[in-house]
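The values are calculated or read from the model by the stated rules, or taken from the named source; none is laboratory data. Keep in mind the model is a prediction, meaning the values are calculated, not measured. Neighbour counts are summed over all protein chains in view; Cβ atoms, including those assigned to glycine, are modelled from backbone coordinates with ideal geometry. Please note that ligands, DNA and RNA were not included when accessible areas were found on the heavy atoms of the full protein model with its side chains. Shrake-Rupley method; radii C 1.70, N 1.55, O 1.52, S 1.80 Å.
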Amino acid sequence: MQFTFHALGQDNKAIYNLHDAVIGDQNLAIYNGILYKEEYTNTELVNVFYKNLNFFVGDLNYDQQSYYGQKLKLDTYNDQLLITPKNLANALLLVLDKSKVYWFTLDQETFYNADNLTESPKVTGYIKLLAKGDKGWVFKKSRKLRIIYRKDKKEALKYILKESFWVFKDNILIEVKGKQDLRDLYPLKKDLINQYFKENRLLYKNNKDQFYSRLFNLNINS
C-alpha cells in the first residue's frame, strides 16, 4: 500500500513542492477533477462540510503521488474530497477521484480512504484516523444525513451527523459499537478493557474520539 505519508520528512516535502513549481501547479493531476456543484446553498449554520465552510491547507496522496500544502474541503454528505488550486484566488472547486485518494490531512487530522485500505471494506469512503499501533488502528467515520422539512410554509433543511468507529486489524475493518466488540477483538485484553470502560464512562459519553484514542494509544497497543 502507498501509505508513506508518516515516513516523509520536510526534505521530501521540499522536493515535491519544487517538482510542482517546475511543472506548474495548474498542470498537476489533482486539478483535473470534475467541477463541484452545490445542490443547496451552504451556510455556517447549515452545511455539508467537515467542521466549517473554510478550506484547510493539507497534504494528500493521490494516484500514488504526494502533494503538499493544498487547499482542501471534505463534503461529508456526499463523501467527496474537494480541492482548488492553491495559488489561485478565485479558482473553481473540483472533486477528486475517490478511487485515487489514499490519504489526506485536514486541520492536522489524517484521513484514509477505506476503499484503498482493505479489500471489500464494510465501511466505505473517507475515515479519520484516531490512533494506530502494532495491534490495530482505530478510525472514525463521519457522515451527514440531509433532512428536508417544512418551516413557516417554506422548505428548510438540516443535517444530522452520524458517526461510527472502526478497528483496522488483520487487514480487516471491523465496526466497534461498544465494550463487547473490543473484547471479541482483543480477548487477552478483556480485563484491561473492562477496567478502562469502568474508569472512563463520562469520557465515553462525551468524547468518543478521545476515549478510543487513549484506549489504543495507551492500552490495547501496549
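Looking at the range 182-222, what helices (runs of 4 or more DSSP H) fall wholly within it and have at least 3 residues that are surrounded by 13 or more Cβ atoms within 10 Å (Cβ to Cβ)?
Of the helices (runs of 4 or more DSSP H) lying wholly inside the range 182-222, those with at least 3 residues that are surrounded by 13 or more Cβ atoms within 10 Å (Cβ to Cβ) span 190-199, 208-214.
Looking at 163, 155 in this structure, which one is within 30 Å of residue 185 (Cα to Cα) and either part of a strand (DSSP E or B) or open to solvent by 10 Å² or more (accessible area, probe 1.4 Å) (or both)? From the options 163, 155, the qualifying one is 163.
Select, from 11, 25, the only residue that is surrounded by 15 or more Cβ atoms within 10 Å (Cβ to Cβ) and either at negative phi or modelled with pLDDT under 50 (or both).
Exactly one of 11, 25 is surrounded by 15 or more Cβ atoms within 10 Å (Cβ to Cβ) and either at negative phi or modelled with pLDDT under 50 (or both), namely 25.
Could you grab the pairs with beta carbons closer than 8 Å, sequence gap of 6+ or different chains, first residue in the range 74-99 and within 14 Å of residue 57 (Cα to Cα), second one of a type in the set (Gly, Ala, Ser)? Sorted first by the residue in the range 74-99, then by its partner, the pairs are 83/33; 84/91; 85/91; 86/69.
Scanning the range 117-132 for residues that are over 12 Å from residue 212 (Cβ atoms) and touching a residue at least 60 places away in the same chain (Cβ under 8 Å) turns up just one, 117.
Might you check whether a residue that is under 30 Å from residue 155 (Cα atoms), in a strand (DSSP E or B) and of a type outside the set (Asp, Glu) occurs anywhere in the range 42-56? Within the range 42-56, one or more residues are under 30 Å from residue 155 (Cα atoms), in a strand (DSSP E or B) and of a type outside the set (Asp, Glu).
Can you name the strands (runs of 3 or more DSSP E) wholly within the range 60-107 that have at least 3 residues being touching a Phe, Trp or Tyr at 6+ places or on another chain (Cβ under 9 Å) and surrounded by fewer than 16 Cβ atoms within 10 Å (Cβ to Cβ)?
none
Only residues that are open to solvent by less than 40 Å² (accessible area, probe 1.4 Å) and either at pLDDT 95 or above or touching a strand residue (DSSP E or B) at 6+ places or on another chain (Cβ under 7 Å) (or both) were counted across the range 166-181, and they come to 5.
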